[in-house]
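Only one structure is covered here, and it is reproduced in the block below.
Rule-based calculations on the coordinates, nothing more; no lab input. All values reported here derive from a predicted model rather than from experimental measurement. Methodologically, a virtual Cβ is constructed for each residue, glycine included, from the backbone with ideal geometry; neighbour enumeration extends over all protein chains shown.
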Amino acid sequence: MINPNSNEAVTEGLREAVKPLTYAEGPEIVCISLPEGPLGIETQEHVESVTLPLRRKVESANDADAFVIACYSDPGLFVAREGTTRPVFGIAESGVLTALARAERFGVIAIKSRSIPRHLRYLRQMGLMDRLAGERPLEMSVAETASGEGTLAKMIAVGRELRDLDGANAIVMGCAGMARHRKPLEDALGIPVIDPTQAAVTMAIGTLAVG
């Protein structure tokens, strides 16, 4: 799994999030940061800046059986797929598809308001806008979601708005930095909460298992 920013706190959160997916005979799940990346991917400029470094990272990792790009903007997903014959999964695509298997309508918790138009463009490309209940921001940075105080409380408040006001039957966490909050958030909301990093790794493991 490649965290396309240079924030090691986020990467460590990813390692913790995917631990339940490891098993004795299963593939090793390696989580790495992208040193060339920004501290957090929060703008379109950030997205564009990591595209080619991600492609080079994928091309150089000849011993990997599959790749997961661990950013909810799925930066470099398509150009990375062009650089390898191995499967490449984006966490936004995987998270949304998992939510659709759990509920009729899903909501997304974004880090910031300015992230939402970028996410909506992606959903339009996927043809899934009619299944989106809504997307609401925390107005926090990637770093704050990963290790800041009060993150879970804010996520619960926004999740309740998505559930009660927008009619979401499931919630997708719209940033890899939120990974550690999935279970307590689900317990608080009483509806499925999807960690897109877990969703993408699960899809990768399933793909490798069936050959």
What Kirkwood hydrodynamic radius, in Å, does segment 92-196 give when the mean of 1/r is taken over all pairs of distinct Cα atoms and then inverted? 13.2 Å
Among 20, 53, 38, the residue with the largest mean-square fluctuation in a Gaussian network model of the chain built from Cα contacts under 10 Å is 20
Under the rule of at least 5 residues apart or a separate chain, name every residue whose amide H is placed under 5 Å from the amide H of residue 5. 34
Report, in degrees rounded to the nearest 10, the 0 to 90 angle that the Cα long axis of helix 8-18 makes with the longest principal axis of the chain. 80 degrees
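Taking 1 over the mean of 1/r across every pair of different Cα atoms in segment 1-76, what Kirkwood radius in Å do you get?
Kirkwood radius, segment 1-76: 12.9 Å.
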Can you flag which of 112/154; 19/57; 154/183 are past 20 Å Cα-Cα? 19/57
Any idea how far the Cα center of segment 116-131 sits from the one of segment 176-202, in Å? 20 Å
Based on the mean of other beta carbon atoms within 10 Å per residue, what is the order of 154-160, 23-29, 172-178, most packed first? 172-178, 154-160, 23-29
Taking the chain as the reference, fit the longest principal axis to its C-alpha atoms, fit the long axis of helix 196-209 to the helix C-alpha atoms, and give the angle between the two in degrees, 0 to 90, nearest 10. 40 degrees
In this structure, the FRET efficiency calculated for residue 104 and residue 125 from their beta-carbon separation, with R0 = 25 Å, to the nearest 0.05, is 0.75
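Beta carbons within 10 angstrom, averaged per residue: use that to sort the peptides 137-144, 72-79, highest first.
Working: 137-144: 19.1, 72-79: 22.4.
So the order, starting with the most tightly packed, is 72-79, 137-144.
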Just to confirm the number: angle between the C-alpha axis of helix 151-164 and the first principal axis of the chain, 0 to 90 degrees, nearest 10? 60 degrees
Of 52, 95, 14, whose Cα points farthest to the positive end of the dipole of the chain (charges on the beta-carbon: +1 Lys, Arg; -1 Asp, Glu; origin at the Cα centre)? 95
